[in-house]
1. Under 29 Å from Asn79 (Cα atoms) and either outside the structural domain of Asp54 (by TED's automatic domain parsing) or touching a Pro at 6+ places or on another chain (Cβ under 8 Å) (or both): is that true of Gly239 in this structure?
2. Based on this model, can you work out whether Ser169 counts as among the polar types (S, T, N, Q) and more than 19 Å from Glu203 (Cβ to Cβ)?
3. Filter region 139-173 down to residues that are of a type in the set (A, V, I, L, M, F, W, C) and in contact with a helix residue (DSSP H, G or I) (Cβ under 7 Å, 6 or more places away or on another chain) and give me whichever is surrounded by the fewest Cβ atoms within 10 Å (Cβ to Cβ).
4. Within region 76-104, count every residue that is under 18 Å from Glu39 (Cα atoms) and not in a helix (DSSP H, G or I).
5. If you check every pair at least six apart or on different chains, which have Cβ atoms under 6 Å apart with a residue in region 260-274 that is of a type in the set (Lys, Arg) first and a residue that is in a helix (DSSP H, G or I) second?
6. Does Asp109 count as of a type in the set (D, E, K, R), farther than 23 Å from Gln167 by Cα, out of contact with any Pro (no Cβ under 6 Å at 6 or more places or on another chain) and in contact (Cβ under 8 Å) with a residue 60 or more places away in the chain?
7. State whether the residues of region 205-217 include one that is buried (at least 16 other Cβ atoms within 10 Å of the Cβ), over 30 Å from Glu39 (Cβ atoms) and at pLDDT 95 or above.
8. How about region 250-267: which of its residues are on the phi > 0 side of the Ramachandran plot and in contact with a Gly (Cβ under 9 Å, 6 or more places away or on another chain)?
Amino acid sequence: MKKGLLKKLLVFTLVGTMALPLMACGNNKDANGNKDLLETIKEKGKITIGMSVDYAPYEFFIMEDGKKKMVGMDVDMMNEIAKDLGVEVEVKEMEFSTICDAVRTGVVDLGVSGLSPEPDRLEIVDFSDIYFNAEQGILINKNNTSSIKSLSDLEGKKIGAQNGSIQASIAQGVKDADVKLLPEVPTLIQDLIAGNLDAVIVELPVADIQASIHDNLAVATEKIADNAGGGSAIAVPKGQEALLAEVNKSIKRLLDEGKLSEFYKTAVELSKNEVSAE
């Protein structure tokens, strides 16, 4: 009997020992069984951000002391969020239309580029609280200000917008419009200046900045309300509640302190003083 008892005790001890690493692994998962990304980010000491760096005042490039520098409201915001988390920031440049999928597949930890939480995006990623609200603007050549004042004036005309954006959906909804979708806004702006497009639909701050940079551009009278997306937010992988909570905590702090308004004003001034290096 003692021999049988000893055998049972040894089996129990071995099973218990084997269970310890399994229990430890369980601590790295959230309530939905997903790996806890927040813990992973802190272990790495780095958070990777997917950005389309061509969209002032959100994120864009300037030349400083002969070197290309990434600046913008989103850049400043992410530096603050990373500081709150105690980690560094690594930005991965990508096309705007691929950002949410990059978040979904784990290519990046977060997606930030003036993203709005549209229903189709919410199917594949979660979103933070809104950190910035903006209307949509219609950017046109200045010599067309009398003929193009509203969205209805664009019927049958050539309209440009960024691929995968809310503005693309708006452009595609214009009757008989010839819509051109491209990955980068600066290329659309150059097409507008060259006369290849009658208008480019972008967020109003972007339109205002481009009109201030280029003397031959103007913003049409009508401003389009952002009814679909409800503002700009940060894309977070599905089920990562701990990370989402920390991101929202930082956003609240930055809003309460008036920092995001400061970041916006600084980015606008930078973009007005120097055309993007891209």
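The values are calculated or read from the model by the stated rules, or taken from the named source; none is laboratory data. Everything numeric here is computed off the predicted structure, so don't read it as measured data. Glycine gets a Cβ as well: all are built from the backbone with ideal geometry, and neighbour counts include every protein chain shown.
1. Numbers: under 29 Å from Asn79 (Cα atoms): yes; either outside the structural domain of Asp54 (by TED's automatic domain parsing) or touching a Pro at 6+ places or on another chain (Cβ under 8 Å) (or both): no.
Judged against the criteria, Gly239 is not a match.
2. Numbers: among the polar types (S, T, N, Q): yes; more than 19 Å from Glu203 (Cβ to Cβ): no.
Judged against the criteria, Ser169 is not a match.
3. Of the residues in region 139-173, the ones of a type in the set (A, V, I, L, M, F, W, C) are 139-140, 148, 151, 154, 159, 161, 166, 168, 170-171.
With in contact with a helix residue (DSSP H, G or I) (Cβ under 7 Å, 6 or more places away or on another chain) added as a condition, the list becomes 139, 148, 159, 161.
Values: Leu139: 26, Ile148: 20, Ile159: 26, Ala161: 25.
Ranking the qualifying residues of region 139-173, first place goes to Ile148.
4. Qualifying residue count for the region: 5.
5. Every condition considered, the pairs that remain are Lys272/Ser212.
6. On the way: of a type in the set (D, E, K, R): yes; farther than 23 Å from Gln167 by Cα: yes; out of contact with any Pro (no Cβ under 6 Å at 6 or more places or on another chain): yes; in contact (Cβ under 8 Å) with a residue 60 or more places away in the chain: yes.
Here the answer is yes, as Asp109 does meet what is asked.
7. As a first pass, look at region 205-217 and keep what is buried (at least 16 other Cβ atoms within 10 Å of the Cβ): 205-211, 213-214, 217.
The next check asks that each one be over 30 Å from Glu39 (Cβ atoms); those that pass are 205-211, 213-214, 217.
Adding the requirement that they be at pLDDT 95 or above leaves 217.
Yes, region 205-217 contains at least one residue that is buried (at least 16 other Cβ atoms within 10 Å of the Cβ), over 30 Å from Glu39 (Cβ atoms) and at pLDDT 95 or above.
8. If we filter region 250-267 for residues that are on the phi > 0 side of the Ramachandran plot, which is where we start, we get 258.
Across region 250-267, there are no qualifying residues.
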